[in-house]
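Read-outs throughout are calculated quantities, based only on the coordinates presented, and are distinct from any laboratory measurement. Just so you know, these numbers come straight off a predicted model, no measurement behind them. In this analysis, Cβ positions are derived from the backbone assuming ideal geometry, glycine residues included, and neighbour counts consider all displayed protein chains.
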Amino acid sequence: MCRSKTDAADAAVLAEFSMRMEFKAWQRPSRGALALRAIGRHIEALGLEHTRTNNRLHAALGSIGTPRCVVEDLKRSLAGLERRMLKLRREARTQIDARIGCGSSSGC
């Protein structure tokens, strides 16, 4: 419970930590885990794009000068983003089920 920050104090804390905690070597994530992470990050990016597009649509609908073709294009973009996110979520679920041994008949 020392308030000063010195190299000696840091060394003492690190030494005590190393004595209390069991060493566990870092292991690289599996290819499957890396793939799931990439899918999740891409879904998140698509979600942000969906929010931006939805905000643009809201603004376009609030403006009397927005042509109908722009509104329709924004709606198509939203629908496309939703389909892409759904497809990626299904792929992620398939990979998760394959990793934990869930078959379609086991009801996971």
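Selection of the range 77-100 for residues being surrounded by 11 or more Cβ atoms within 10 Å (Cβ to Cβ) and more than 30 Å from residue 33 (Cβ to Cβ) yields 77, 78. From 35, 59, grab the single residue that is free of Cβ contacts under 8 Å to residues at least 24 places away in the same chain and either surrounded by 10 or more Cβ atoms within 10 Å (Cβ to Cβ) or farther than 30 Å from residue 93 by Cβ (or both). After applying the criteria, what remains is 59. If the condition is being more than 33 Å from the chain's Cα centre (by Cα) and among the β-branched types (Val, Ile, Thr), then the range 64-78 contributes 64, 66.
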